[in-house]
Amino acid sequence: MGVNKKPSNIEKKEIAPKSLSSIYEGISTILENLDKISDIEKKPDKSIEEKTDEADSKGKDKSNKEKKVKSKEEELSKKWDEMNVEIKKIHDQWNSFETEGMKKVTIGSDTNKVKDSINNLTLAVENKDNFSIIDNGSQLLMNIAPFFDAYKDELRGDICNIKYYIYQSFLMGEKGELEKASNIIPNVDIQLNDLNSKIVKDPKKMKALEKLSLSIKDFENVLNKNSNNLLTIKRDIVLKNIKELEK
């Protein structure tokens, strides 16, 4: 007599292929590394000199100062190298997605937008142009969003667009174009509503979404303060909350 198997209640989710996910992760890594580069660049040289003076007083070689400065340069070089590695991966993964992922998505003009964005981001990294990296990185996020949307259980299409609007508003805020920055943020409401409808049955994600919504509102509220530091802090909280939602 055969054993009756219980029917499985687990529904397989329809999510994007690894190649598209890798592109998203690569863009995120590049933008995160850019922040790390900014932090390294802000390290005061004075502290290096003070440590060197202390070392010299103990009879150590003055070449210590050169070594300490070099270590800072090496740290920066390492981060730029990592970003170039991610760029190469993005080119490779897009080629893979065009080969395997387009069975789900109709090929159209959107593919050209993605290719242009990848090329522009590559040039921005090559030129070490921070503003252009954020601009083109966020543009690339927006241009891959429709491909994520082709998979019914994907949240990253909406998340890509939210990141795009936050980064673009941040750039306008940094330039002092506060009215433009403020006008960008209301676009996020569409994505927040879409996410709400997709995760309404998941209490944990709903809580994360509420936290994200509040942090976006906080980000919007500091735009008129004309403070880059304050804007960066609030932007980073939004990005942190996006990561929580993605878990």
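The values are calculated or read from the model by the stated rules, or taken from the named source; none is laboratory data. From a predicted model like this one, the values you see are computed outputs, not experimental measurements. With ideal geometry, Cβ positions are generated from the backbone for all residues, glycine too; neighbour counts draw on all protein chains shown. Remember, those area values only see protein heavy atoms, side chains included, never the ligands or the DNA or RNA. Shrake-Rupley method; radii C 1.70, N 1.55, O 1.52, S 1.80 Å.
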- Task: Quick one: accessible surface of Leu31, probe radius 1.4 Å, all protein chains present, in square angstrom to the nearest 10.
- Result: 10 Å²
- Task: Lys and Arg at +1, Asp and Glu at -1: add these up for the other residues within a Cβ distance under 9 Å of Lys247 and post the number.
- Result: +1
- Task: Holding the Cα-Cα limit at 32 Å, pick out from Lys113/Lys152; Lys128/Lys207; Lys180/Lys240; Lys36/Lys89 the pairs that are longer than that.
- Result: Lys128/Lys207
- Please report, as a whole percent, how much of the solvent-accessible surface of segment 133-247 comes from carbon and sulfur atoms (probe radius 1.4 Å). 49 percent
- Message: Can you tally the net charge around Val125? Count Lys and Arg as +1, Asp and Glu as -1, for every other residue whose Cβ sits under 13 Å from the Cβ of Val125.
- Response: -2
- Item | Three-way shape label, segment 87-220, alpha-carbon gyration tensor, a/c 1.5 | oblate
- Query: So which GluC sites (Glu not before Pro) in segment 111-208 are both in a DSSP loop and have at most 15 other Cβ atoms within 10 Å of their Cβ?
  - Reply: Glu177
- Cβ under 9 Å from Lys234's Cβ, Lys234 left aside: what net charge do those residues give with Lys, Arg +1 and Asp, Glu -1? -2
- Query: In percent, what relative contact order does segment 148-247 have, based on Cα pairs under 8 Å that are 6 or more apart in sequence?
  - Reply: 29 percent
